[in-house]
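Coordinate-derived values only; no laboratory data. On a predicted model such as this, the values are computed, not experimentally measured, just so you know. We place every Cβ from the backbone using ideal geometry, glycine too, and count neighbours over all the protein chains shown.
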Amino acid sequence: MTSFEPIGSKDLLRMSDLAQHEVHGILATAANFKRNPAQLTGALAGKSICMLFEKPSLRTRMSFEVGAFRMGGQAIYLDHKDSPIGKRETISDYGKNIERWCHAIVARVHSHATVAGLATATHIPVINTLCDMHHPCQALADLQTLLERGFHFNHSRLAWVGDGNNVCHSLIEAASILGFGITVVTPKGFEPDATIVSQSVARSMRSGARIEITNDIGAIQGAFAVYTDAWTSMGQTDSAAKTSAFEPYRVDRELMAIAGPKALFMHCLPAHRGEEVTDEVIDSTNSVVFDQAENRMHAQNALLCHLLSPQAVASKGSATNPAHFNTRTQETTRA
Ligand code: CP
Ligand code: NVA
């Protein structure tokens, strides 16, 4: 069985939980899994992943479920769209139950505080699969997609156009860790979170990343790829005023021409065709949106293997086997 370099953090709540060499390691494993699917066999044998969702999903749910199946593990879906976590029992009690049966928690939640609470309460890895502030699994898949197309962390630049949202935050953090350039272009008032930007700019002093935040669409000129997302994320309220502010930022053929003829088009999906992107752009040969969707599975399979590597578990005292708890309980009883 292949061994996977352990990750220092118990959890992946945001991209900045990862060091540069850890991102490189996950991406190398992901590329290897994609090239050699036979390497997946048994990688998650005997392991159960709890997947809880407070919001809808196609890609995240499917990619984790199919990925766990291919690695010989089990993914259990818990639907919380009608009953938020923390309502029936505390978030901490919820987590302390789940860790008695499962080896990791995958959570899509409204508030970052919920995944942070689960991470604090449990010994097992907690993976954030989208909250109000971050979407690190999406960023890992996006990095894999960019590398496949010849992106260089040392000298390429990604352009974000639209809302300065959760996906945007994870890509800014990714740039700051890896050292690539990112130009974020938003309407006035929809810039990314100021704290995340300043932390990322500080991190860039080490990595050499160039992070630019602007309202000027002209700044995307020469970017390797143009990335957009929904103008209104899940859980946000839409308004006519918001829509009119975003209209000039729709990614259409004219906007892509500013980036240049070779610029790729990226979107985490789901896309709202005719709003943030036109059909001709998302359906163009420069569009890599379905590669991004496929790579969710490869990147997450790799992430699970690194987080659940025996060395990672040993060093953090995580419970990858419920027997860990049985043993502890027996010792407590005897004492
Ligand atoms: N990109 C993404 O997270 O898709 P889903 O919302 O369908 O999971
Ligand atoms: N920003 C979007 C991403 C969906 C995958 C949202 O939060 O709804």
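Structure summary
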| quantity | calculated |
| --- | --- |
| Ranked packing of 159-168, 258-267, 102-111, 73-82, most packed first, by mean Cβ within 10 Å | 159-168, 102-111, 258-267, 73-82 |
| Virtual paramagnetic centre 7 Å along Cα→Cβ of M234, amide N under 11 Å, in region 121-154 | 129-132 |
| The chain - mean residue ellipticity at 222 nm from DSSP helices (-39,500 (n - 2.57) per run, n ≥ 4, rounded to 500) | -13000 deg cm²/dmol |
| Prolate/oblate/rounded call for the chain, Cα gyration tensor, a/c under 1.5 rounded | prolate |
| Inter-part distance where region 13-59 and region 73-121 are each reduced to a Cα centre, Å | 18 Å |
| Helix 59-70 vs. the chain, principal-axis angle (Cα, 0 to 90°, nearest 10) | 40 degrees |
| Nearest-ten-degree value, helix 166-178 long axis tilted from longest Cα axis of the chain | 80 degrees |
| Fully extended contour minus Cα-Cα distance, from M62 to V201, at 0.36 nm per residue | 46.6 nm |
| Candidate aspartates and glutamates - alpha carbon under 20 Å from K242, same-chain residues fewer than 8 apart omitted | D132, D163, E191, D193, D216, D229, D252, E275, E276 |
| 0 to 90° range, to nearest 10: angle between helix 112-121 axis and the chain longest Cα axis | 20 degrees |
| Cα-based reach from K96 at 30 Å (exclusive), listing lysines while leaving out same-chain residues under 8 positions away | K10, K47, K55, K81, K87, K316 |
